[in-house]
């Protein structure tokens, strides 16, 4: 294994950092020891292997450490080291150095020599009323690390109701506990969130009374005073005790009230209008509670980390990514580099389009106070608003992270080492995990159409749709940031797809004849899970899909004429063919072929590539016909250059498989012909994805 550089930025000395690092096939063998150093000095380190390559070598590890203050270059290497130490949770008590976590029947207490925090009460009020299922809870030690153990408190009951699931990460050296709380409407139906709040008791009571209320993002009220413009942190600082809530105003309404002996944190204040919620939806909040002389500095502190982009890209663990082009003479494709960065940087606009107004210019991703208000709110933050009136609606609707925007930004982070991309990716993945997942079925919602166009309230799809599934963003959120809920969502979505598409040809034929992406996205999602877990069921389902696609593409007319299930005016390589959808299919087939070498997958890719070049390619415009549709003929005259990035990769792989220069030439010309569209991602996150 080569040494891996990790670049960190921290305002505090000895600050906690938990993060994931991938390795290329064969680079790191199972059971090897690891060492992390700064200027030759060993740093504390705990690690856990989380995924392996098919040959058994390690693909992903998750690490805990403490880093120096300032900007630092750390070095991760193989070492003849003992396995990382472990702590134990005994009878609901976890002791790590000088700090203790005590879990009781209905709460928990965090104890340090300098102070303490206690969860006294936790309430959610919903109409119609649902039974609040918090306790009795199952206590799990998920990461037995002496540097920063992770404990989960989840309800033992799997019955329908309002579930509250908790993750507690201890930061012993920082005298901090990071409390991640998620509430889930685990029952079908339409509800209203009236209020959600927790009472927390610090070791030293607050002096006096006070309150912060964010009635909606961008507005704030202090101590019951008038509502004014404001973008406050969600924090309280007392005597050697501090509380901080991540993205408080961005995910408002929100409030903190203190006085007497405790603080009340309103995750949804009763002063706000009741929030419409569809059953199956979750919302999470992350709260830092710290004690001691550094309490104010530690609460809310997060180390920025960038794993060497060259290593991330060459590992292959985040997909096929060329390493950053940093040659002395400049990049080979400067237009591509500039256009891709421009697309990623254009994700947030100062003003979204409205019924009587056009969209405004982009603003920096990190400058959230200048971004359109529709990006924000408890139910919206992390998703991507669509242009006004999209999908037949007459209002604002959201994309439900269509095309896996989280994965696009994770790849942007990997390639450019830009921390802003990591933050966008992380919150997009959190939204997908919580708001876009249906807890009751494990399914994944999609953006919907017309009256059901997504508003994250009561206008929501009742189930998933085969043309809108992905798992890569979930998996990267788990591997890079350790989000166990994202992992669970990826596994649940995989089970849904297996139930829909495993065994038998009828379901595949029906899906394919409606829209080719209805097998393309499931294939991509299944391969994402196989590549992350080695689940042979996912690979077998992918094999069956590839086999059917090869059969169809080898003689489309025969398949159409031989069955009533195929809708010829909606079907690939018939009147309904859409090249961008074939591109999604080709990506899934490529990933499957690279994993297995299955010749049928290769033939299917080449079949589709020939159809695209011979029937859909417009050489004088360097693009493709949008759709050859007998019932919607205007689609024949659309020339969407912005969709070309979805399928130039498939044409390139067809060239790799055959050596046919035609595929390479068309792919290259289309690639260069579409770059201008990246400077204006017209549909926001959806276009970027």
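The values are calculated or read from the model by the stated rules, or taken from the named source; none is laboratory data. Bear in mind that the values here come from a model prediction, so they are computed numbers and not experimental data. In this analysis, Cβ positions are derived from the backbone assuming ideal geometry, glycine residues included, and neighbour counts consider all displayed protein chains.
The set of residues in region 538-571 being touching a helix residue (DSSP H, G or I) at 6+ places or on another chain (Cβ under 6 Å) and part of a loop (DSSP other than H, G, I, E, B) consists of 565, 566, 567, 571. Right, residue 443: in contact with a helix residue (DSSP H, G or I) (Cβ under 8 Å, 6 or more places away or on another chain) and farther than 15 Å from residue 251 by Cα or not? Judged against the criteria, residue 443 is a match. Which strands (runs of 3 or more DSSP E) does region 1-75 wholly contain that include 3 or more residues that are more than 19 Å from residue 475 (Cβ to Cβ) and touching a strand residue (DSSP E or B) at 6+ places or on another chain (Cβ under 9 Å)? Where strands (runs of 3 or more DSSP E) fall fully within region 1-75 and carry at least 3 residues being more than 19 Å from residue 475 (Cβ to Cβ) and touching a strand residue (DSSP E or B) at 6+ places or on another chain (Cβ under 9 Å), they are 4-10, 15-22, 33-38, 58-67. Against the condition part of a loop (DSSP other than H, G, I, E, B) and not assigned by TED's automatic domain parsing to the domain that holds residue 454, how does residue 496 come out, does it pass? Against the criterion (part of a loop (DSSP other than H, G, I, E, B) and not assigned by TED's automatic domain parsing to the domain that holds residue 454), residue 496 does not qualify.
In summary, residue 347 fulfils each of the numbered conditions (1) crowded, with 19+ Cβ neighbours inside 10 Å; (2) modelled with pLDDT under 95; (3) assigned to a helix (DSSP H, G or I) with the single exception of condition (3). Which of the residues that make up region 480-493 are in contact with a strand residue (DSSP E or B) (Cβ under 6 Å, 6 or more places away or on another chain), touching a residue at least 60 places away in the same chain (Cβ under 8 Å) and either more than 19 Å from residue 21 (Cβ to Cβ) or not in a helix (DSSP H, G or I) (or both)? If the condition is that a residue be in contact with a strand residue (DSSP E or B) (Cβ under 6 Å, 6 or more places away or on another chain), touching a residue at least 60 places away in the same chain (Cβ under 8 Å) and either more than 19 Å from residue 21 (Cβ to Cβ) or not in a helix (DSSP H, G or I) (or both), then 482 is the only one that fits. Selection of helices (runs of 4 or more DSSP H) fully inside region 594-689 by the criterion of at least 1 residues being on the phi < 0 side of the Ramachandran plot and free of Cβ contacts under 8 Å to residues at least 12 places away in the same chain returns 599-611, 648-658, 661-674.
Filtered by the rule that a residue be within 30 Å of residue 463 (Cα to Cα) and crowded, with 20+ Cβ neighbours inside 10 Å, region 259-283 gives 267, 268, 269, 272, 275, 277, 278, 280, 281, 282, 283. Among the criteria (1) in contact (Cβ under 8 Å) with a residue 40 or more places away in the chain; (2) within 22 Å of the chain's Cα centre (by Cα); (3) farther than 30 Å from residue 6 by Cβ, the one residue 419 does not fulfil is (3). Of the residues 540, 506, the single one that is surrounded by fewer than 18 Cβ atoms within 10 Å (Cβ to Cβ), assigned by TED's automatic domain parsing to the domain that holds residue 593 and under 17 Å from residue 602 (Cα atoms) is 540. Within the span defined as region 242-258, one or more residues are more than 21 Å from residue 378 (Cα to Cα) and either in the same structural domain as residue 176 (by TED's automatic domain parsing) or not in a strand (DSSP E or B) (or both). You will find that of 126, 157, 148, the residue that is at negative phi, in a loop (DSSP other than H, G, I, E, B) and modelled with pLDDT of 95 or more is 148 and no other. Condition check: surrounded by fewer than 24 Cβ atoms within 10 Å (Cβ to Cβ) and in a helix (DSSP H, G or I). Does residue 427 satisfy that? Considered against the rule, which asks whether it is surrounded by fewer than 24 Cβ atoms within 10 Å (Cβ to Cβ) and in a helix (DSSP H, G or I), residue 427 comes out as yes.
Please verify whether residue 591 is surrounded by fewer than 24 Cβ atoms within 10 Å (Cβ to Cβ), touching a residue at least 60 places away in the same chain (Cβ under 8 Å) and either outside the structural domain of residue 469 (by TED's automatic domain parsing) or touching a helix residue (DSSP H, G or I) at 6+ places or on another chain (Cβ under 8 Å) (or both), treating the condition exactly as stated.
Numbers: surrounded by fewer than 24 Cβ atoms within 10 Å (Cβ to Cβ): yes; touching a residue at least 60 places away in the same chain (Cβ under 8 Å): yes; either outside the structural domain of residue 469 (by TED's automatic domain parsing) or touching a helix residue (DSSP H, G or I) at 6+ places or on another chain (Cβ under 8 Å) (or both): yes.
Here the answer is yes, as residue 591 does meet what is asked.
One residue alone among 418, 404 is closer than 30 Å to residue 59 by Cα and surrounded by fewer than 24 Cβ atoms within 10 Å (Cβ to Cβ), and that residue is 418. Only one of the numbered conditions (1) assigned to a loop (DSSP other than H, G, I, E, B); (2) crowded, with 24+ Cβ neighbours inside 10 Å is not met by residue 204, and that is (2). One residue is enough: does region 172-181 have a residue meeting the conditions assigned to a strand (DSSP E or B), outside the structural domain of residue 438 (by TED's automatic domain parsing), touching a helix residue (DSSP H, G or I) at 6+ places or on another chain (Cβ under 8 Å) and under 22 Å from residue 284 (Cβ atoms)? Among the residues of region 172-181, at least one is assigned to a strand (DSSP E or B), outside the structural domain of residue 438 (by TED's automatic domain parsing), touching a helix residue (DSSP H, G or I) at 6+ places or on another chain (Cβ under 8 Å) and under 22 Å from residue 284 (Cβ atoms), which makes the answer yes.
Pairs are defined by a Cβ separation below 7 Å, a sequence spacing of at least 6 or placement on different chains, a first member in region 342-369 that is on the phi > 0 side of the Ramachandran plot, and a second member that is surrounded by 11 or more Cβ atoms within 10 Å (Cβ to Cβ) and modelled with pLDDT under 95; no pair meets this definition. When 375, 398, 381 are checked against the criterion of being at pLDDT 95 or above, crowded, with 24+ Cβ neighbours inside 10 Å and either more than 18 Å from residue 230 (Cβ to Cβ) or not assigned by TED's automatic domain parsing to the domain that holds residue 278 (or both), 398 stands alone in meeting it.
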